[in-house]
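The next block holds one structure in the form of structure tokens; read it before the comments.
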Amino acid sequence: MLRIFAPQRPWVTVFGMVSEDNVIEDSVSVEDDFDGDDYDYDDGGDYYDDDYGDAGDDDDDYGLVEDDDFDDPGAMVSRRPKLGYTVLQEADIKQRQEDDISKVSTVLSLSQVEATILLRHYNWNVNEVHDEWFSDEERVRKSFGLFERPVVDVSYANEFTCGICFDLLPCDNFASASCGHSFCRECWQGYICTSINDGPGCLLLRCPEPSCKAAVGPDMIDKLAPCEEKEKYSQFLLRSYIEDNREAKWCPAPGCENAVNFAVGGGDFDVTCLCSYRFCWNCTVEAHRPVDCETVTKWMLKNSVDGENVNWILHNSKTCPKCKRPIEKNQGCMHMTCTPPCSYEFCWLCLRAWSSHGLATGGFYSCNVYEAEMQKGNVDAEMRREMAKNSFEKYTHYYERWASNQSSREKALEDLNRMESENMEKLCNVQCTTMSQLKCITEAWLQIVECRRVLKWTYAYGYYLPEHEKTKTQFFEYLQGEAEAGLERLHRCAEKELDKYVTADGPSSDFDDFRTKLTGLTSVTKTYFENLVRALENGLEDVNSTACNKTASPRSPASPRSPTGRNGKGRGSRGKESPRAGVSPKNVDDTSK
């Protein structure tokens, strides 16, 4: 389904959380407030970069176009923001590559083969090729083996001796690059096939003559290589157009052969391929806004290496003083015996031989030697072990929640697909309604999927928050908690409460109230996550500005952006916001009653 986005009016400031009490009358349809500039919910569409819209206005909101716009194609085009990137399929890549080759060939009066060799060496940068060529043509030709005339003239001979196999053969069996060094076709074919099978290095192939630097271009490949090697060479050449291009990258989704050409400097790096996979163009990891690439790289590395296994061993085991194998303590006694063939007996606390222990050292259940060493400060190993344990527990806390939201997102995608393929039509028949009136359900599930992605990465962000910045941590946890609570309410509504309407025997009298409630929850959840994303992308700077305001006017009431919550009350006892003009104070969770 095509979704066109258009700017809407601003709704809230960063910390002015809109409560469920104030949303129903103002949210007749999710179309008004669903897809914000912080997210992209299009199934395989393009991400609309802020820099191409109304950059600088943090409160701009983009929603779905109204139904009336579909009757006016001109209006839809005028309201469509510019794209910050382009998804390229194989045919598009070939066309762009051919256009660049033709452009260089025409401007520099070169053959297509020579233009291809130059572009390959300059990473397919047309402007750089032009600059270097006009700066010093002779140097460029010499560097990349583009000879204007052969350096060896053998036109008078009827037979040649191949410089590789040393066979004397008729001249018809020989071939040469632009340098004129002739070798028999069989040797040329073996040389070319070996280079192609070795990998993309074949794109920089030179003449087999050791002292010659003449380039071997695509024309020689087409003339001498077998069909299989020709196809491989063509693929290497095509892939080099993306892999050597600073403005293009392949989609990292398994099995996808599309590429994304990105306008470098265009702002947000989140892009969506035509295969519907959304990823960060800068680091090619799955989309992770609002967390920066450096944090994501550290987090993914921490998840993939065995460092956490080492941490677990450190805080759950000690090494045997004799054989150095790790030992886990599984009983209460301090008298440890290593497994055979070592069988060494030692004290768990001080790691000394058990034979030196007795009543003087505390017996089986304590160790005075260890306690004395501890008082002298000579237990650095134990301190390191305790620090490793604390670090591991912190990591486990954040990783479990990161992984849990990833699982929830995958489950939400499955539920969305099942809803669209199976339940929507059934719901239409049971509730005697139309598909257009059920758009709010699809939009709610899309919101859930995107919010699970954002929430997942906020746990990676939280793990790397400096522990000494207590105020920022509290502010972050408040925003994260508000967003997560809103998401859980929406997810429960879309997953649990909707089911009774799908399985009902006939139309439900309160189905319209349910739709209104779902629409409201979707809008509120979107707002919470917009605030969370904006705050994290700003480095939680609102904490600093709030502190400055409090210092300037210590008697002023608590800022609405303060982590203590609305009207100066803590999260556990939130005060009520004043309803906006024209908005009913009806509670969202009560609309279905």
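The values are calculated or read from the model by the stated rules, or taken from the named source; none is laboratory data. Note that the structure is a prediction, hence the values are computed from the model and not measured. Every residue, glycine among them, receives a Cβ derived from its backbone with ideal geometry; neighbour counts consider all protein chains shown. Keep in mind that these areas ignore ligands, DNA and RNA; they rest on the heavy atoms of the full protein, side chains included. Shrake-Rupley method; radii C 1.70, N 1.55, O 1.52, S 1.80 Å.
Rolling a 1.4 Å probe over the protein heavy atoms of segment 403-492, with every protein chain left in place, gives an accessible area that is 47 percent carbon and sulfur. Among the trypsin sites (Lys or Arg not before Pro) within segment 228-307, those in coil by DSSP and having at most 13 neighbouring Cβ atoms inside 10 Å are R246.
Counting only protein heavy atoms and a probe of 1.4 Å, the accessible surface of segment 131-265 is 48% carbon and sulfur. When peptides 218-228, 497-507 are sorted by average Cβ neighbour count within 10 Å, with the highest value leading, the order is 218-228, 497-507.
Derived scalar couplings between HN and Hα for segment 249-257 equal 8, 6, 5, x, 5, x, x, 8, 10 Hz in order, rounded to whole Hz, by the Karplus curve 6.51 cos²θ - 1.76 cosθ + 1.60 (θ = phi - 60°), x for Gly and Pro.
What pairs from K249/K472; K472/K496; K298/K411 go past 29 Å between their alpha carbons? Spell out each step's value before the answer.
Working: K249/K472 36 Å; K472/K496 35 Å; K298/K411 26 Å.
Beyond 29 Å between Cα atoms: K249/K472; K472/K496.
Taking a ≥ b ≥ c as the square roots of the Cα gyration tensor eigenvalues, with a/c under 1.5 meaning rounded and otherwise prolate when a/b beats b/c, else oblate, which class fits segment 216-307? Let's see the in-between values first.
Numbers: a/c = 2.75, a/b = 2.07, b/c = 1.33.
It is prolate, given that a/c is not under 1.5 and a/b is the larger ratio.
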